[in-house]
Amino acid sequence: MIRKACRYFKGSLISCEKGIVPKSLTNGEVGWMKKVPCVGGDEGIEKVGCSQFQGFTKEEIDKMEAEVKKSSERMKRISQFIEGIREKCKGKEDVLGECVCPECGKKLKYRVSGYNRHIWACCETDDCINFME
């Protein structure tokens, strides 16, 4: 949960940007991850203190949540695109094709593997659709 997480947190078993290993804040006791302030969440569980904790501002949280929403919506559109390609290529072996990119409208090339039906796709626009299942 972003709202109450620390901006310096990088992972549960490595040190944060300020050099603190989260597990060390609780001496590694059982359930330590729920007690460190680094990741937020877990309402009702008493957190240990950290001298370097710094949360995010409301503006930062709003921006991150908007980015997550935008990314989720994009993923839904791309998932629908993938399913459309799968349906179009059903029963065919090693399909190579081109279509209009559902994101930017330019040319997108794709390949559907005859081995495992995974799809590779790449749009001609930089930073647009480019993936491999």
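Read-outs: derived from the displayed coordinates by stated rules, not from any lab. These figures come from a predicted structure and were not determined experimentally. Every residue, glycine among them, receives a Cβ derived from its backbone with ideal geometry; neighbour counts consider all protein chains shown.
The overall shape of segment 1-56, judged from the alpha-carbon gyration tensor, is oblate: a/c is not under 1.5, and a/b is no greater than b/c. In terms of packing, defined here as the mean over residues of other Cβ atoms within 10 angstrom, the peptides 101-107, 9-15 line up highest first as 101-107, 9-15. Given the alternatives (i) 11.8; (ii) 9.0; (iii) 7.8, mean projected area of the Cα convex hull in nm² as computed for this entry is given by (i).
With respect to the chain, whose longest principal axis is taken over its alpha-carbon atoms, helix 58-88 is tilted by about 30°.
Residue by residue, segment 43-52 carries 3J(HN,Hα) couplings of 4, x, 9, 5, 8, 7, x, 9, 5, 9 Hz when phi is fed to the Karplus relation 6.51 cos²θ - 1.76 cosθ + 1.60 (θ = phi - 60°); x denotes Gly or Pro.
Think of each Lys and Arg Cβ as +1 and each Asp and Glu Cβ as -1; about the Cα centre, that makes the dipole of segment 75-132 roughly 220 debye.
Label segment 52-126 by shape, choosing from rounded, prolate and oblate, from the square roots a ≥ b ≥ c of the eigenvalues of the Cα gyration tensor; if a/c is under 1.5 it is rounded, and otherwise prolate applies when a/b is larger than b/c, oblate when it is not.
prolate
Proximity of backbone amide H atoms, modeled 1.01 Å from N, is registered between residue 16 and 21 at under 5 Å, excluding neighbours fewer than 5 places apart on the same chain. Think of it as helices only: each DSSP H run of n ≥ 4 in the chain is worth -39500 (n - 2.57), and spread over all residues that comes to -9000 deg cm²/dmol at 222 nm. Calculated FRET efficiency, residue 15 and residue 78, Cβ-Cβ r, R0 35 Å, to nearest 0.05? Efficiency, from the Cβ-Cβ distance: 0.50.
Coupling constants for segment 114-123 follow from the phi torsions by the Karplus curve (6.51 cos²θ - 1.76 cosθ + 1.60, θ = phi - 60°), and in residue order they are x, 7, 10, 6, 5, 10, 10, 8, 8, 7 Hz; glycine and proline get x.
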